[in-house]
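J.: Could you have a look at this structure, given as structure tokens, before my questions?
The values are calculated or read from the model by the stated rules, or taken from the named source; none is laboratory data. All figures in this text were calculated on a predicted structure; none of them were measured in a lab. Cβ: placed from backbone, ideal geometry, glycine included. Neighbour counts: every protein chain shown. Note: accessible area is taken over every heavy atom of the protein model, side chains too, but ligands, DNA and RNA are not part of it. Shrake-Rupley method; radii C 1.70, N 1.55, O 1.52, S 1.80 Å.
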Amino acid sequence: MALKNYIRDIQGFPKEGILFKDITPLLIDPIARKKCLEILVSSLKEKKIDKVIGVESRGFFFGMLIAQELNVGFIPVRKPNKLPYETISATYDLEYGTDTLEIHTDAIQKGDRILIHDDVLGTGGTAKAVCELVERLGGEIVQCNFLMELAFLNGRAKIKGNEIFAAITY
């Protein structure tokens, strides 16, 4: 099954000049969704993981499924003022602007082995910010795990030194 067949290109979203990769068709199809989860989890064999981070918002879909499959905790990393408890934050550059992410200060204990999951590795700004949050809380990053990598944007360079896996590469 070619997962790329379940990713729809949307020209000019969220602004002109961006070619957005829409994962909605993948989420709708239960067979494709299951296959995608199998591929994402296959990269984790024999790795000890304590918690999975899902990055707002599209990283929540498979992040939660991966955590469930691994029988480990799930940590949401969200945009500002969405988490109710005490947080720390990191600001980063996007392909189309800047943004900030937050995590609860008690989500990661020193030495926790963390899988970071997001839908796409683009320029690497989002992933770098999440890595920074994990490290500030004393976690150990096991892998940065993505549904898609837009390799032409060279996001790997911003998170080098971390193991990186993507189910689909463009």
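J.: Which residues, taken from the range 58-96, are among the aromatic types (Phe, Trp, Tyr) and either more than 30 Å from residue 42 (Cα to Cα) or at pLDDT 95 or above (or both)? It would help to see each step written out before you state the result.
T.: Restricting attention to the range 58-96, the residues satisfying the condition of being among the aromatic types (Phe, Trp, Tyr) are 60-62, 74, 85, 92, 96.
Those that are among the aromatic types (Phe, Trp, Tyr) and either more than 30 Å from residue 42 (Cα to Cα) or at pLDDT 95 or above (or both): 60, 61, 62, 74, 85, 96.
J.: If a residue must be within 21 Å of residue 126 (Cα to Cα) and of a type in the set (D, E, K, R), how many such residues does the range 63-79 contain?
T.: Residues that pass the stated criteria total 2.
J.: Cβ contacts < 7 Å: first residue free of Cβ contacts under 8 Å to residues at least 40 places away in the same chain, restricted to the range 56-82; second residue assigned to a helix (DSSP H, G or I), any location; separation 6+ or different chain. Result?
T.: Listed by first residue and then by second, the contacts come to 65/37; 69/37; 69/41; 73/67; 74/63; 74/64; 74/67; 76/60.
J.: On to the next question. Touching a residue at least 24 places away in the same chain (Cβ under 8 Å), among the β-branched types (Val, Ile, Thr) and more than 26 Å from residue 27 (Cβ to Cβ): is that true of residue 126 in this structure?
T.: Working: touching a residue at least 24 places away in the same chain (Cβ under 8 Å): yes; among the β-branched types (Val, Ile, Thr): yes; more than 26 Å from residue 27 (Cβ to Cβ): no.
It is false that residue 126 is touching a residue at least 24 places away in the same chain (Cβ under 8 Å), among the β-branched types (Val, Ile, Thr) and more than 26 Å from residue 27 (Cβ to Cβ).
J.: Could you check residue 136 against (1) charged (D, E, K, R); (2) within 29 Å of residue 17 (Cβ to Cβ); (3) out of contact with any Asp or Glu (no Cβ under 8 Å at 6 or more places or on another chain) and say which number it fails?
T.: Just one mismatch for residue 136, condition (2).
J.: May I pose another question? Counting just the residues of the range 109-123 that are crowded, with 22+ Cβ neighbours inside 10 Å and of a type in the set (Val, Ile, Thr), which one comes out nearest to residue 58 (Cα to Cα)?
T.: So the residue we want is 120.
J.: How many of the residues in the range 60-100 are open to solvent by less than 60 Å² (accessible area, probe 1.4 Å) and hydroxyl-bearing (Ser, Thr, Tyr)?
T.: Residues that pass the stated criteria total 4.
J.: For the structure I just gave you, tell me whether residue 106 is under 19 Å from residue 64 (Cα atoms), without any contact (Cβ under 8 Å) to a residue 40 or more places away in the chain, open to solvent by 40 Å² or more (accessible area, probe 1.4 Å) and among the charged types (D, E, K, R). Steps first, please.
T.: Values: under 19 Å from residue 64 (Cα atoms): yes; without any contact (Cβ under 8 Å) to a residue 40 or more places away in the chain: yes; open to solvent by 40 Å² or more (accessible area, probe 1.4 Å): yes; among the charged types (D, E, K, R): yes.
Yes, satisfied.
J.: Here is a further query. Would you mind listing the strands (runs of 3 or more DSSP E) fully within the range 76-170 where at least 3 residues are in contact with a strand residue (DSSP E or B) (Cβ under 8 Å, 6 or more places away or on another chain) and of a type in the set (Ser, Thr, Tyr)?
T.: The qualifying strands (runs of 3 or more DSSP E) are 87-94.
J.: Which residue is nearest to residue 124 (Cα to Cα), if the candidates are limited to the range 1-59 and must be small (Gly, Ala, Ser) and open to solvent by 30 Å² or more (accessible area, probe 1.4 Å)? I'd like the intermediate steps shown before the answer.
T.: Our first condition is that a residue be small (Gly, Ala, Ser); within the range 1-59, this holds for 2, 12, 17, 32, 42-43, 54, 57, 59.
With the extra rule that they be open to solvent by 30 Å² or more (accessible area, probe 1.4 Å), the set shrinks to 2, 17, 42, 57.
Values: 2: 25, 17: 19, 42: 23, 57: 16 Å.
Top of the filtered list is 57.
J.: Tell me, please, whether a residue that is open to solvent by less than 50 Å² (accessible area, probe 1.4 Å), closer than 29 Å to residue 86 by Cα, touching a Gly at 6+ places or on another chain (Cβ under 6 Å) and at pLDDT below 95 can be found in the range 124-142. Spell out how you get there, then give the answer.
T.: Of the residues in the range 124-142, the ones open to solvent by less than 50 Å² (accessible area, probe 1.4 Å) are 124-127, 129-131, 133-134, 137-139, 141-142.
Subsequent filtering for residues that are closer than 29 Å to residue 86 by Cα retains 124-127, 129-131, 133-134, 137-139, 141-142.
Next, from what is left, pick out any that are touching a Gly at 6+ places or on another chain (Cβ under 6 Å): 124.
Still in the list and also at pLDDT below 95: 124.
Yes, there is a match, as at least one residue in the range 124-142 is open to solvent by less than 50 Å² (accessible area, probe 1.4 Å), closer than 29 Å to residue 86 by Cα, touching a Gly at 6+ places or on another chain (Cβ under 6 Å) and at pLDDT below 95.
J.: How many residues, within the range 137-170, are among the basic types (Lys, Arg) and touching a residue at least 24 places away in the same chain (Cβ under 8 Å)? Reasoning before the result, please.
T.: Step one: of the range 137-170, the residues among the basic types (Lys, Arg) are 156, 158, 160.
When the remaining residues are screened for being touching a residue at least 24 places away in the same chain (Cβ under 8 Å), the result is 156, 158.
Residues meeting the conditions: 2.
J.: For the range 97-113, state whether one or more residues are at pLDDT below 95 and not small (Gly, Ala, Ser). Quick ask: steps written out before the conclusion?
T.: In the first step, residues of the range 97-113 are kept if they are at pLDDT below 95; the result is 97-99.
Now restrict to residues that are not small (Gly, Ala, Ser): 98-99.
Checking the range 97-113: at least one residue is at pLDDT below 95 and not small (Gly, Ala, Ser).
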